[in-house]
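Each value in this text was obtained by applying a stated rule to the coordinates, not by laboratory testing. Quantities reported herein were computed from a predicted structural model and do not represent experimental measurements. Heads up, the Cβs are rebuilt from the backbone with ideal geometry, glycines too, and the neighbour counts pull from every protein chain shown.
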Amino acid sequence: MTTLGSATLAASLLVALYAAGAAIYGARTHDRRWVVSSRRAVYALGVLLTVAVLILEHAFLTNDFGFEIVAEHSSTTTPTLYKLTAMWSSQPGGLLLWAWLLSLASSAVLYLTRNRHREIAPWATAVLMGLGAFFIGLLIFGAPPFTKLSPAPMEGSGLNPLLRNPYMVAHPPMLYSGYVFFSIPFAFAIGALITRRLDTSWIRSTRRFALIAWTLLAIGLLLGSRWSYEELNWGGYWGWDAVENAALMPWLVGTAFLHSIMVQERRGMLKVWNVSLIVGTFSLALLGTFLVRSGVIESIHAFGASTVGGPLLVLLGIVLIGSTLLIISRLDDLKPERRLNSGLSRESIFLINNLLLVGLAFVILWGTLFPLLSEAVTGERASVGAAFFEKITTPFGVLLVLFTGIGPLIGWGRTTPGAVGRVLAWPAAIAALAVVALLVGGVERRPLAIVLFAFATFALVALAQEFWRAGSARRAMSGGSFPAALGGAVLRNRRRYGGYTAHIGIAILLIGVAASSSFQHSSDLRLGVGKSGTVGDYKLTYRKLTVDLKNERIAFGAALDVSKDGERVDTLRPARNYYPSSDPSVGPIARYYEGEATSEVGMRSGLGGDLWTAFQPDLSSLDAKIKEGDRKFSDFPPDAQGLVVAGIAASYTDNPPPASFRANTNPLVIWIWLGGLIAVSGALFAVWPTAEGRRRVEAVYAARLGRELTRA
Amino acid sequence: MDPARKRKVRLVVALSVAVLLAVGLVYTSFSASTEARQPSELLTANPGDTYDLTGKVVPDSIDHQGEELLFRVQDRDGDQSVPVTYTGTVPDPFRDGREVIVTGSMQDGTFAGQRDTLITKCPSKFTED
């Protein structure tokens with residue numbers, strides 16, 4: 001089977017190269033047959049890579065440890081869900097996923113645009129298939145997924161315990177598909193540049209792909225942060241780690257792109273800016289893949305020096321230099337059709353929002369690459385920590401939330417100050433009231449957080465007002481009840497109201513970020529059984545230690561009684577899981593304690609805030625028993641050793657030494673993910689195809705056909 | 001003012017703002033940054049200065065004393081090592097032999113780690129540990 005897999009990959013490489021070559025040849029000779037053939041080759045590539053993925057998944061499901069990748073990332077005891085998803089915890093599997101998703105997305109976009117873009121599409125095909133060939137080449141020559149292991153081992157080493165979590169099942173493919181989907185508008189932008197067809201048609205055809213990419217990246221980021229919050233014992237959701245930043249940067253620049261293309265569609269402006277943004281977004285996506293895979297920056301995720309870092313850097317260089325030269329050579333075709341004629345217009349608000357988003361991405365990029373920069377400048381490798389990122393990104397966040405509210409209120413073209421004043425009046429008044437209420441209500445004085453709350457309130461009221469205006473305007477026109485009128489208005493302009501919903505989500509998300517970071521209480525407690533400690537308004541009592549043995553792990557847990565104002569409100573059960581080590585040099589008993597450990601957080605979660613606890617037992621008192629066990633029972637059968645392990649674990653519960661706890665109160669933290677969910681739903685609402693939208697597209701075709709016929 | 005002149009003024013203002021912001025960024029990042037050092041390079045360290053100590057946890061050196069975690073860190077490719085004291089969250093993957101980064105300063109021959117600065121690299125499944 002490994003041979004079949006390798007053969008499929010080899011065939012894929014040839015097909016991708018053929019598709020790229022045929023597309024370029026067809027474009028240059030204007031021979032449609034070659035173009036059609038290249039498009040079909042893209043479909044064929046989709047089929048071939050699907051086969052490759054299926055071969056690999058089949059091997060995972062049937063525990064075929066003759067596949068090296070299966071032996072290293074799965075085992076017979078791995079649950080089926082994690083067998084299916086273990087593929088992308090490996091480098092070759094991740095790259096195969098990249099290539100596969102690229103082939104599917106390319107097939108989809110070329111199918112959808114098969115009757116349009118006769119000029120642009122072949123060049124876009126060439127770009128996409130060039131990328132495809134690159135990744136397949138990396139797979140074949142750098143990180144082969146179909147390496148045979150002979151003889152096949154009896155058992156695999158299993159999936160890294162930290163990744164055995166539903167969030168981690170979905171997180172990597174979401175990020176990967178986000179990156180891949182951004183390659184579609186990138187490829188069409190390059191096609192448009194090459195053919196000088198720089199009107200908005202490339203944007204219209206790929207806008208939806210950009211929005212899907214944005215949504216998938218957002219989901220990936222949200223899942224990753226939730227995983228960190230629930231599975232890691234430090235209590236945060238974002239650590240400004242290089243690899244986290246690498247996923248955030250393309251999302252930020254992609255957000256800027258989604259906004260500024262509207263300016264080009266409406267006003268014919270910002271053309272250079274738009275092609276630069278999509279090149280930037282895609283380059284940052286490549287940079288993200290490179291940072292994850294190369295280990296140039298110290299990061300908890302960086303997977304050590306690997307074979308694919310160099311080629312990825314070369315690709316990034318080609319993309320950046322090639323695109324820049326192409327844009328410079330086409331500057332004459334990218335002249336704006338209008339000039340910015342008023343500071344009080346939606347396009348200028350969009351411009352400011354764009355500068356903020358790109359500026360934010362830039363400072364994050366600066367901080368992320370700072371170790372390399374400082375090494376180049378001073379010779380010393382120095383890095384900036386989370387404190388730097390928090391300090392420097394906060395002003396951007398505060399201003400951005402303000403603009404999520406202002407943007408929708410200001411019309412295109414030119415708005416008079418009077419009109420602006422009228423729409424701003426209510427939001428501004430209510431925001432001011434909110435600040436007074438917060439200060440009177442005795443909230444701690446954290447100026448930046450309070451300013452953010454004010455701006456977010458402003459934005460939320462402004463957006464609510466937009467929905468209200470839409471509903472009442474439609475009601476005035478067509479009558480009926482207000483909800484029906486609102487529904488009708490929203491459904492008629494999904495893109496606008498989906499966008500506003502996304503704004504509402506982001507404003508809520510940022511409220512959650514500000515509240516949970518500025519008003520958090522955190523305690524590190526060292527408690528013996530029966531002892532209590534406090535965090536915020538809560539009193540925590542360590543009632544007892546529990547032990548739970550499953551075939552794969554030993555879980556030590558704590559029963560923590562929570563009381564507030566003298567009344568018991570809950571019992572939390574944070575735990576720590578110890579997975580056996582596969583290191584053969586560790587003794588048979590010790591290996592159960594020396595392997596990976598993961599935390600199960602104990603949480604009392606609510607809309608007002610979370611009480612978050614993590615537990616770390618002190619197992620050093622077991623060392624003597626474990627050593628003794630290793631000495632006495634090393635020759636015993638595994639079953640008997642298992643009993644010894646269980647006995648040692650049980651003995652620990654009798655009289656456990658004090659354990660460490662971390663307890664945090666995180667006000668409003670859940671709104672980060674609820675806000676994220678709202679934002680993502682808004683984007684999905686905007687992107688969902690409608691019957692009306694299809695009719696409109698068909699009408700456009702009919703009109704174009706009519707024009708061409710009359711001209712002929 | 002004629003439009004061309006107005007645009008020029010606007011451009012100059014925008015560029016000066018951008019330059020100011022850039023200078024601010026460079027200044028903040030250099031003043032907020034900490035140098036990375038391996039144990040062997042700490043010998044030349046200024047006492048009191050803050051560094052990011054990087055290296056591997058020396059096997060069998062991990063010990064708990066009350067709130068404090070004591071361990072030794074050695075060079076990635078060498079055996080020079082330095083004792084470390086640390087309080088705060090210990091990441092899940094923290095183990096003998098793992099690569100760690102901890103921020104702190106030298107005090108009487110011991111590297112005193114700042115609270116909650118300990119980072120452990122995810123054990124790599126892609127390459128040999």
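The string of couplings for the range B:37-53 from the Karplus curve (6.51, -1.76, 1.60, θ = phi - 60°) is 9, 8, x, 5, 7, 6, 4, 8, 6, 7, x, x, 6, 8, 10, 8, 7 Hz, one whole number per residue in order, with x for Gly and Pro.
Per-residue mean of foreign Cβ neighbours for B:23-29 is 4 (Cβ atoms of other chains, 10 Å radius). Our coupling estimate for the range A:521-533, obtained by passing each phi through the Karplus curve with A = 6.51, B = -1.76, C = 1.60 and θ = phi - 60°, is 10, 9, 10, 9, 10, 10, 10, x, 4, x, 8, 10, x Hz, Gly and Pro reported as x. Distance between the C-alpha centres of the range A:330-369 and the range A:503-519: 25 Å, rounded to the whole angstrom. Each 10 Å bin from 0 upward holds the following percent of the Cα-Cα pairs of the range A:285-441: 8, 22, 27, 22, 16, 5, 0.
The C-alpha atoms of chain A define a longest principal axis, and helix A:386-406 lies at about 40 degrees to it. Its residue count N fixes a reference of 2.2 N^0.38 Å for the range A:522-630, and the Cα radius of gyration divided by that reference is 1.24. For the range A:563-591 versus the range A:384-461, the spacing of their alpha-carbon centroids is 43 Å.
Considering only alpha-carbon pairs that sit under 8 angstrom and 6 or more positions apart, the relative contact order computed for chain A is 10 percent.
Each Cα pair under 8 Å and six or more residues apart adds its sequence gap; the mean of these over the residue count of the range A:133-221 is a relative contact order of 36 percent. Under the rule a/c < 1.5 gives rounded, and otherwise a/b versus b/c splits prolate from oblate, where does the range A:458-500 land using the Cα gyration tensor? Oblate shape, in that a/c is at least 1.5 and b/c is the bigger or equal ratio.
Charged side chains reduced to their Cβ positions (Lys and Arg at +1, Asp and Glu at -1) give the range B:35-120 a dipole of some 80 debye around its Cα centre. Shown for A:Y592, A:Y82: other C-beta atoms within 10 Å of each C-beta, ranked fewest to most, produce the order A:Y82, A:Y592.
Over all directions, what mean area does the Cα convex hull of the protein assembly as shown project, stated in square nanometres? Computed as one quarter of the Cα hull surface, the answer is 41.0 nm².
For the peptides B:57-69, A:3-15, A:662-674, A:92-104, the ranking by packing is A:92-104, A:662-674, A:3-15, B:57-69, with the highest mean count of neighbouring Cβ atoms within 10 Å listed first.
Axis of helix A:271-294 versus longest Cα principal axis of chain A: the two differ by about 20°, to the nearest ten degrees.
Note on the protein assembly as shown: with charges restricted to the Cβ of Lys and Arg (+1) and Asp and Glu (-1), its dipole about the Cα centre is near 5600 debye. Below 8 Å, C-alpha to C-alpha, sequence gap of six or more: please give me the relative contact order for the range A:1-162 in percent. Relative contact order comes out at 37 percent.
Each residue of the range B:19-29 was assigned a 3J(HN,Hα) from its phi angle through the Karplus expression (A = 6.51, B = -1.76, C = 1.60, θ = phi - 60°), giving 5, 4, 4, 5, 4, x, 5, 4, 4, 4, 6 Hz with x at Gly and Pro. Counting Cα-Cα pairs of the range A:1-162 in 5 Å increments starting at 0 gives whole-percent bin shares of 2, 10, 19, 19, 15, 11, 9, 7, 5, 3, 1, 0. Between the amide H of A:S74 and those of A:S157, A:G158, distances stay under 5 Å, these residues lying 5 or more places away or on another chain, with hydrogens modeled in the peptide plane. Residues whose amide H falls under 5 Å from that of A:V569, counting only those 5 or more places apart or on a different chain, are A:V562, A:S563, A:K564, with hydrogens built in the peptide plane. Considering only Cα atoms, the convex hull volume of chain B works out to 183 Å³ per residue. Ranking A:F146, A:P161, A:Y82 by how far each Cα lies toward the positive end of the dipole of the range A:1-162 (charges on Cβ) leaves A:F146 at the top. Among the listed pairs A:K544/A:K625; A:K391/A:K539; A:K531/A:K625; A:K391/A:K564; A:K539/A:K625; A:K531/B:K56, those whose Cα-Cα separation exceeds 29 Å are A:K391/A:K539; A:K391/A:K564; A:K539/A:K625; A:K531/B:K56. Among the residues of A:374-382, the average count of other protein chain beta-carbon atoms within 10 Å of the residue beta-carbon is 4.
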